[in-house]
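What follows is one structure encoded as structure tokens, with my remarks underneath.
The values are calculated or read from the model by the stated rules, or taken from the named source; none is laboratory data. None of these values were measured; they are calculated from a predicted model. What goes into the accessible areas is simple: the full protein's heavy atoms, side chains included, and nothing from ligands, DNA or RNA. Shrake-Rupley method; radii C 1.70, N 1.55, O 1.52, S 1.80 Å.
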Amino acid sequence: MILADIRFCAKEDLGQILEVDRTSLYPWPERTISRDLLGGGARLSYIGAFAPAVKDKLLGYAVLGDEKRNGLLMNLVVVPEHRRRGFGTQLVAAAAECANDMGFSMLVLRVRASNFAARALYGSLGFRTDATRESFYSDGDVAQYMSVRLPLFINEK
Ligand SMILES: CC(C)(COP(=O)(O)OP(=O)(O)OC[C@H]1O[C@@H](n2cnc3c(N)ncnc32)[C@H](O)[C@@H]1OP(=O)(O)O)[C@@H](O)C(=O)NCCC(=O)NCCS
């Protein structure tokens, strides 16, 4: 597995984050990401996976927040040309480590039931489905609520 350079994103990374997010099936509103990174007040952590050989080239990112005393993985995107290389796994691992360091004992997330790639990734890392919510998303898609206990141990392939 090629190891990415994992670090917290800063406002200088905003342009690349917006570019990466546009490759997601369901991009976040640009104003939300801009506010989070430039506003300074958000309690969200943007964690970036940067190319090991190209300085500051963003390959993917994760967003960690919290909800009901759990770490909440709010977003995760890897650019299409770098998928299936373990970067999504490394980003979830980094978010889990961060959540554990913050004192949370669980990492939770919501994922579209139709998002087979993401569900396969989370399943491979030990996340369990706790509940399903019909019509959770504005387009009527079903959400699966998933969680994993921290610390998260990942078997290297
Ligand atoms: C979901 C996503 C982040 C996965 O990132 P990734 O870097 O490709 O994930 P990894 O390479 O770490 O995959 C780890 C494992 O997850 C599973 N997996 C990932 N993508 C898969 C796919 N398309 N089909 C089947 N299994 C998949 C596999 O078990 C994979 O291991 P393998 O490649 O050895 O078989 C990426 O597909 C993506 O950015 N999708 C668009 C945004 C999105 O849907 N985000 C989720 C929001 S909840």
**Q.** With DNA, RNA and ligands ignored, accessible area of Arg22 (1.4 Å probe; Å², nearest 10)
**A.** 130 Å²
(Q) Once ligands and nucleic acids are excluded and a 1.4 Å probe is used, how much of Thr32 is accessible, expressed in Å² to the nearest 10? (A) 30 Å²
Q.
On a full-extension model of 0.36 nm per residue, what is the gain between Leu38 and Tyr137, subtracting their alpha-carbon distance, rounded to one decimal in nm?
A. 33.0 nm
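Determine the order of Arg85, Arg119, Arg128 by accessible area, beginning with the largest, at a probe radius of 1.4 Å. Let's see the in-between values first.
Working: Arg85 115, Arg119 70, Arg128 170 Å².
Descending accessible area places them as Arg128, Arg85, Arg119.
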Q.
In Å², and per residue, what accessible area does the chain have when probed at 1.4 Å with the other protein chains present?
A. 58 Å²
Q.
I'd like the accessible area for Asp36: 1.4 Å probe, protein heavy atoms, all chains in place, Å² to the nearest 10.
A. 20 Å²
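Roughly speaking, to the nearest percent, how much of segment 5-149's 1.4 Å accessible area is carbon and sulfur?
Roughly 49 percent of what the probe reaches on segment 5-149 is carbon or sulfur.
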Q) Considering only DSSP beta bridges with both partners in segment 5-149, what is the antiparallel share in %, to the nearest 5? A) 90 percent
